[in-house]
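Taking it in order: structure first as structure tokens, then the write-up.
The values are calculated or read from the model by the stated rules, or taken from the named source; none is laboratory data. Being a predicted model, the structure only gives us computed values, none of them experimental. Note: ideal-geometry Cβ built from the backbone for every residue, glycine included; neighbour counts use all protein chains shown. Just the protein is used for accessible areas: all its heavy atoms, side chains included, with ligands, DNA and RNA removed. Shrake-Rupley method; radii C 1.70, N 1.55, O 1.52, S 1.80 Å.
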Amino acid sequence: MMKKRIKFLVASMIITGALTACTGKNNDPAASSAPTEAAPETTESSATAATESTSATEKPTEETEAPKEAAGYLSHMDELITVLDEDGNKLAEYDIEKIKEECSNSSCDLSNAYFKAAGDGKIIYSDYSYSDDGDSKYEFYVVDPESKEVEPILTTESGFYVERCDFYNGKFYMNGNKDGMHLERVFSWNEGSLVPVEEDFAYPDVAKELNTETPMFLSADMNNGFYDTYECSYTRALDDNGYIIIMDGEEYYKLYTDGTKEKIEGLPDMSFYIQSYNKDGLIYQLYDENVSGSSYHFLDYEDGSDMVFVKADKEPSFLTYADGKFYYDVFEADKFYMGDHHVYCFDCAGKKSTEVYTTSKEPGVYIDPGITGMRLIGDDIYFLGVDDESTQWIRYADGTFTPTGIEKKEIGALKYGYIRYENGMQKCSNCGIPRVKYYQEVFQLDSEYSPHASEINSALMQEFRQSVDFYGKEDIEPEDPSECEEHKANSYMWCESDEWNITDVQKIGENILVIDMSGYWYGGGAHGMPLRSQRCFNLQTGKEIKFKDFYKGDEETFKTLVAEKTAEDFDSYEEYEAPYFAETRDDVYDQAYEYAGIETSNIELTEDGICLYYMPYDMGPYAAGFIEINISYDELGYRPE
């Protein structure tokens, strides 16, 4: 039986990486210390627009040129890899899961492997397993996506932690540590062969310093133009900058290529995080507990100045860094959740921020247009956006947004109707600190899809209004005015938030309309609670459909089926990886049997069957997320008409 991996509850991640080397700046720094506060946020606006423009998918060229080398790739959710040259021309496209299936005849088992990196016409997959003592180990494989040939690269020893992987100058780099001892392993390929050849680390003096028993934090995180990734090898950082940053004890140092160290002066004593760096200096974020945000600073090695280029009250978010350019987002909310994303670029050399473009959040869309997936390829910016009722990759160049047609996915809510939303905020009437924030979406069906659209919309709107009206309109009176000191000190912890989004709208067959919703509720503490729901309607009658309406079997049969399917799910996991609290099949069966019932609301209709899901903490820990059990209509013996 094919074993599977646990799906952790995390926000949608963008997995990206560089295909070719990204060069850094070449000015030689000299460290010194003299912190000063410069005038922050000097901005110039170069574009303010939504994701709209021409329908061209490639840049026009005056004459035919020879094919260029790969400059980067687009990928969202590990599904599709689209390789581009520096001008945005598509060179190749690979389906990650399909390639794994087509490599099934290989002696290397890729069934549980996940995408790790790509470059030089190769794709790297990684898998992990557990030893008898519970420690993990990782396996890496290289795949030729054209021939489907597979070769193993390496298997780490038990307890080895993989920190980052990088494709750079045609070689694969893997950084990691065990018991505080760090190393980098390097693999290359001879022409015409997929068999990896291991090479020595190019900087032996650095290797000696890293491979010590003194635990230290290493930072080679320069990002190289990609969003939300730290896949920058030590070699790339050393080649570009001549050093990497390490932390030894409580102090930060530059570790040079010859193995010497130099203390970095001018860093604050408060809580901070080094975000990016180059030869000229480093950028760090400094947490400000008074506003629950972080300011961004540029520490100049040459003159020792410490410049605040965006303040904490703007609550900036880091996007990417490349070639001395630091991109960040400032979100201006309309009450709560909806609003505009302002993307800025801070030039480390010129020490000035410039607004690059502005995009707006859109209801019914699971991405943040202009932000999600943002990366630099060549001289252009790419991100996931919305165009023609679809999400797709958008290219921004020369002040123009151009839909590429890459990974174009239809937005069901916009196909079948439209989204309305309402958001609001309630504040403490005494101190003015927000105590409640809410954002609610509701789908409204276009009349062309049902003669009963008005009835369906009325039912949807009724639930929507009940949810919105629950929060009322008045600000909240504090039980004790002394609470306001706590409100100000921990404004995030004291603010309840409730979000509900339309995640998908689709039809099952000709007559059933399915509306999927997801949400997140926070009421204080370490984290909130993810939520999900579904409503289904018969388009011919306008009546709402629930599971009990079409399932004609008895309660006992259903409980037994759910218990058995849940126990089978438990069996499908590798040892130590099952997302359940229970440790035996029998215990999982018993708990699922008690949980199941025809009246449960945790059942969703799909094209092929039903999905029964367990909420976090129902059967497993919070980190396991929703545990989903899929049951086909054939197994049920019934299907909706």
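Details
- The set of residues from segment 470-491 being touching a strand residue (DSSP E or B) at 6+ places or on another chain (Cβ under 9 Å), surrounded by 12 or more Cβ atoms within 10 Å (Cβ to Cβ) and in a loop (DSSP other than H, G, I, E, B) comprises Tyr471, Asp475, Pro478, Ser491.
- Residue within segment 521-538 that is over 30 Å from Ser454 (Cβ atoms), assigned to a loop (DSSP other than H, G, I, E, B), open to solvent by 30 Å² or more (accessible area, probe 1.4 Å) and touching an Asp or Glu at 6+ places or on another chain (Cβ under 8 Å) present: yes
- Residues of segment 403-434 satisfying the condition of being buried (at least 20 other Cβ atoms within 10 Å of the Cβ) and part of a strand (DSSP E or B): Pro403, Gly417, Cys428, Pro434
- Only a single criterion out of (1) more than 25 Å from Pro434 (Cα to Cα); (2) touching a strand residue (DSSP E or B) at 6+ places or on another chain (Cβ under 8 Å); (3) open to solvent by 30 Å² or more (accessible area, probe 1.4 Å); (4) touching a residue at least 40 places away in the same chain (Cβ under 8 Å) is not satisfied by Ala349, namely (2).
- Tallying residues that are open to solvent by less than 60 Å² (accessible area, probe 1.4 Å) and either in contact (Cβ under 8 Å) with a residue 24 or more places away in the chain or at positive phi (or both) within segment 178-200 yields 8.
- Condition met for Thr557 (open to solvent by 50 Å² or more (accessible area, probe 1.4 Å), in contact with a helix residue (DSSP H, G or I) (Cβ under 9 Å, 6 or more places away or on another chain) and without any contact (Cβ under 8 Å) to a residue 12 or more places away in the chain): no
- Contact map, segment 232-252: residues that are on the phi > 0 side of the Ramachandran plot and outside any strand (DSSP E or B) paired with residues that are open to solvent by 40 Å² or more (accessible area, probe 1.4 Å) and among the β-branched types (Val, Ile, Thr), Cβ distance under 6 Å, separation 6+ or inter-chain. Pairs shown: Gly242/Thr257.
- Taken over segment 295-335, the residue count meeting the criterion of being more than 20 Å from the chain's Cα centre (by Cα), open to solvent by 30 Å² or more (accessible area, probe 1.4 Å) and either among the hydroxyl-bearing types (Ser, Thr, Tyr) or over 23 Å from Tyr252 (Cα atoms) (or both) is 7.
- Considering residues of segment 330-369 that are within 24 Å of Cys495 (Cα to Cα) and not in a loop (DSSP other than H, G, I, E, B) only, the residue modelled with the lowest pLDDT: Ala333
- Residue match in segment 510-517 (condition: modelled with pLDDT under 95, under 30 Å from Tyr622 (Cβ atoms) and either in a loop (DSSP other than H, G, I, E, B) or touching a Phe, Trp or Tyr at 6+ places or on another chain (Cβ under 6 Å) (or both)): no
- Glu607 satisfies every condition listed in (1) surrounded by 14 or more Cβ atoms within 10 Å (Cβ to Cβ); (2) outside any helix (DSSP H, G or I) except (1).
- Set Pro579, Pro621: member being surrounded by fewer than 18 Cβ atoms within 10 Å (Cβ to Cβ) and in contact (Cβ under 8 Å) with a residue 24 or more places away in the chain: Pro621
Rundown of residues vs (1) within 29 Å of the chain's Cα centre (by Cα); (2) basic (Lys, Arg); (3) farther than 30 Å from Glu510 by Cβ, yes/no style:
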residue	(1), (2), (3)
Glu544	no, no, no
Thr560	no, no, yes
Phe570	yes, no, yes
Tyr589	no, no, yes
Ile598	no, no, no
Ser601	yes, no, no
Glu607	yes, no, no
Leu612	yes, no, no
Asn630	yes, no, no
